[in-house]
Amino acid sequence: MIRGFLILCLGAALALIRLPAGLADTPAAGSQDWHSVVSQFAREHFKNPAWGFSHCQRDYELARQLAAADHVKLDDDVLYAAAYLHDMAAFEPWEKSGVDHADRAAEIVDTVLRNTGFPMRKVDAVRGAIRTHMFDREPVGPEALYLHDADALDWLGAIGVARIFGLVDSNGGQPSGPEVVPMLESNLAKVPARVLSPAGKARVPERSGQLERYLRELREQTDNLRLL
């Protein structure tokens, strides 16, 4: 009898317990959310001094800064996924011969995001931002615009120099130091006019000036690249 009474009391007590709303749908303590999964994926697979993991990080942070300066609200889910995965098709096994890396990444980005917990109803917006992230393309929508401008600005300034010279083959193969200089000159000539947002445009003069000074001084100190 006593045992039965205790069981009834325990059942009554359990019936009074109410979980906070939504708690049953939250990940277990210590589990990763989709941001962590995507970030770790990028860290493990995107290894390149010009368009690897650190470039993804910079694009995400700079896009947020530019949007905040323009008082524009972004969908952070879309921006984060697009920023960290926009160059995935520049790497094996995702690259595809004859297909632009932006188009290819937009096509296959769902294969990474699926089953991570990412809200897949937003995947088309991610595709759009990835497809137009290069400076010579036309972004549509705020996330696409600010990713596009962050990516463009990352080709300029001191970081633009670091990225391009990071591609030089230290064993004497291609590209050599002199061979990457035209890439920097091309960026200086083409990229500034393709930064489209007000906050992005405001950053262009400083970054363009840094790159322009670097190229001028590099030529002065290397006998017009002969000694580079």
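Each value in this text was obtained by applying a stated rule to the coordinates, not by laboratory testing. Note that the structure is a prediction, hence the values are computed from the model and not measured. Backbone-built Cβ (ideal geometry, glycine too); neighbour counts: all protein chains shown.
A few comments on the model shown:
- Against the main long axis of the alpha-carbon atoms of the chain, helix 142-153 sits at an angle near 40°.
- Cα gyration tensor, the range 136-217 - rounded (a/c under 1.5), prolate or oblate: prolate
- Folded to 0 to 90 degrees: helix 76-85 orientation relative to the chain principal axis, Cα: 50 degrees
- Tensor-based shape of the range 32-221 (alpha-carbon gyration tensor, a/c under 1.5 rounded, otherwise prolate or oblate): oblate
- GNM remark for the chain: springs join alpha carbons under 10 Å apart, and the peak mean-square fluctuation among Y146, Y214, Y60 falls on Y214.
- Residues listed by number, the range 48-64, amide nitrogen under 14 Å from K122 label point at 7 Å toward C-beta: 64
- A simple spin-label model places pseudo-atoms 7 Å from Cα toward Cβ; at L227 and A202 they are separated by 4.2 nm.
- In a fully extended conformation the segment linking E44 and D103 would gain 19.0 nm over its present Cα-Cα distance, using 0.36 nm per residue.
- Computed [θ] at 222 nm, helices only, for the chain once each DSSP H run of length n ≥ 4 contributes -39500 (n - 2.57): -18500 deg cm²/dmol
- Cα gyration tensor shape for the range 66-161, rounded if a/c is under 1.5, else prolate or oblate: oblate
- Between the Cα long axis of helix 34-45 and the first principal axis of the chain there is an angle of about 40°, rounded to the nearest 10.
- The range 119-154 and the range 41-72: distance between their alpha carbon centers, rounded to Å: 12 Å
- Ranked by the mean number of other Cβ atoms within 10 Å per residue, highest first, peptides 185-193, 77-85, 152-160 order as 77-85, 152-160, 185-193.
- Extreme residue, positive dipole direction of the range 32-221, given options F41, G173, L147 (C-beta unit charges): L147
- Those lysines that a straight Cα-Cα span of less than 17 Å connects to K122, excepting residues fewer than 8 apart in one chain: K73
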